[in-house]
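Report on one structure; see the data block that follows.
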Amino acid sequence: MRASNSTGYQTSCLRGCFFGAILLSLLSGVVASGDPITTVFEAVPGSSGLYVGTESYTISQIITAGGIIIGDKQFDYFSVITSASASAVAPGASSITLTPILVNGDYGFQINSFWGAKAGQLVDSTITFHASILKAYADKGYRFKDTTLGMSAVGGTNTEEGLAAISENIFTKNPLDPTAVSLGMNYVYYADKKNYSLSDSVTYTPVKELWVVKDVGVNLSGDTTGSISFSQFTQTFSQVPEPGTFALLCIGGLGLAGYALRRRRG
């Protein structure tokens with residue numbers, strides 16, 4: 001557990017919902033038969049290496065389309081399961097927005113919605129999706145090698161009595177498959193200005209596809225007043241080989257082939 005002891009009870013509460021919601025989330029995920037959404041990027045002025053999709057989509061729209069293609073990767077089988085207590089409101093698939101991003105060569109997306117809690121409330125969403133390298137690139141040897149999670153746009157008052165957190169587990173296959181293996185976990189959280197961790201990354205043996213099961217939530221103690229909330233997080237994926245590295249490998253391979261041919265002719 002990465003949060004401090006003062007926020008341990010909130011962390012346990014959020015994580016307690018995590019694995020219990022996996023089965024329901026996966027059984028609820030569907031993929032339509034339409035063509036996946038394709039992404040067009042534009043550079044962000046003044047931000048070197050950052051590109052953002054020209055359009056954003058709700059997860060409901062992506063489910064209806066059968067997925068979304070972002071660069072050399074496809075994301076599909078999205079599912080959102082939400083729960084809330086004490087009159088709190090939790091966002092669903094129709095109110096969670098996904099915007100494709102490209103950050104220093106790593107493709108991924110930014111998620112926007114609103115997760116907020118007042119005293120005595122808990123808001124929780126389980127978001128599941130499948131990610132794969134497009135066949136044309138997978139055939140060239142491209143693989144996922146790491147996953148990075150970042151939380152931003154956190155706010156509220158008396159937040160030391162609450163917790164905003166995202167916990168995710170990354171699997172080699174659909175977690176319902178008994179042969180699925182966990183590649184690792186990411187965990188980010190915010191309790192107050194002195195107790196937070198807003199970025200996490202996990203590296204694993206390169207794979208062509210993976211599943212992510214993510215628990216997103218906030219809660220605030222009933223013994224205080226105020227609120228805690230956040231409205232944005234990002235997810236990016238690095239790959240091997242890097243695009244530049246792959247090009248150099250191809251050039252090197254052609255050079256070796258030419259050298260071998262010259263020796264044969266000689």
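Determine the dipole magnitude for the range 83-217: charges of +1 sit on the beta-carbon of Lys and Arg, -1 on that of Asp and Glu, nothing else is charged, the reference point is the Cα centre, and the result goes in debye to the nearest 20.
Working: 10 positive and 12 negative charges, 68 e Å.
My answer is approximately 320 debye.
Would you mind counting up the charge near Gly226? Only other residues with Cβ under 13 Å from its Cβ, with Lys and Arg at +1 and Asp and Glu at -1.
On the way: positive: Lys118; negative: Glu160, Glu161, Asp192, Asp223.
Counting the neighbours of Gly226, the net charge comes to -3.
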Checklist entry - Which value, in Å² rounded to 10, gives the accessible area of Val188 with a 1.4 Å probe and all protein chains present? => result 0
Checklist outcome for this item: Heavy-atom accessible area of Asp76, protein chains in place, probe 1.4 angstrom, given in Å² to nearest 10, is 10
Checklist outcome for this item: Within the range 119-150, DSSP-loop chymotrypsin sites (Phe, Trp or Tyr not before Pro) with at most 16 other C-beta atoms within 10 Å are none
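Working out 0.36 nm times the residue gap between Asn195 and Asp35, then minus their Cα-Cα distance, what length gain in nm do you get to one decimal?
On the way: separation 160, 0.36 × 160 = 57.60 nm, distance 4.38 nm.
Here the segment from Asn195 to Asp35 would lengthen by 53.2 nm.
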Checklist entry - In nm, to one decimal, how far is the modelled label at Ser182 from the one at Asn104, with both set 7 Å along Cα→Cβ? => result 2.8
Checklist entry - Which length gain, in nm to one decimal place, applies between Val89 and Ser60 when the Cα-Cα distance is subtracted from 0.36 nm times their residue separation? => result 8.7 nm
Next on the checklist: At 1.4 Å probe size, what's the solvent-accessible area of Thr157? Round to the nearest 10 Å².
Outcome noted: 80
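The values are calculated or read from the model by the stated rules, or taken from the named source; none is laboratory data. From a predicted model like this one, the values you see are computed outputs, not experimental measurements. So basically every Cβ, Gly included, is an ideal-geometry build from the backbone, and we count neighbours across all protein chains shown. Just the protein is used for accessible areas: all its heavy atoms, side chains included, with ligands, DNA and RNA removed. Shrake-Rupley method; radii C 1.70, N 1.55, O 1.52, S 1.80 Å.
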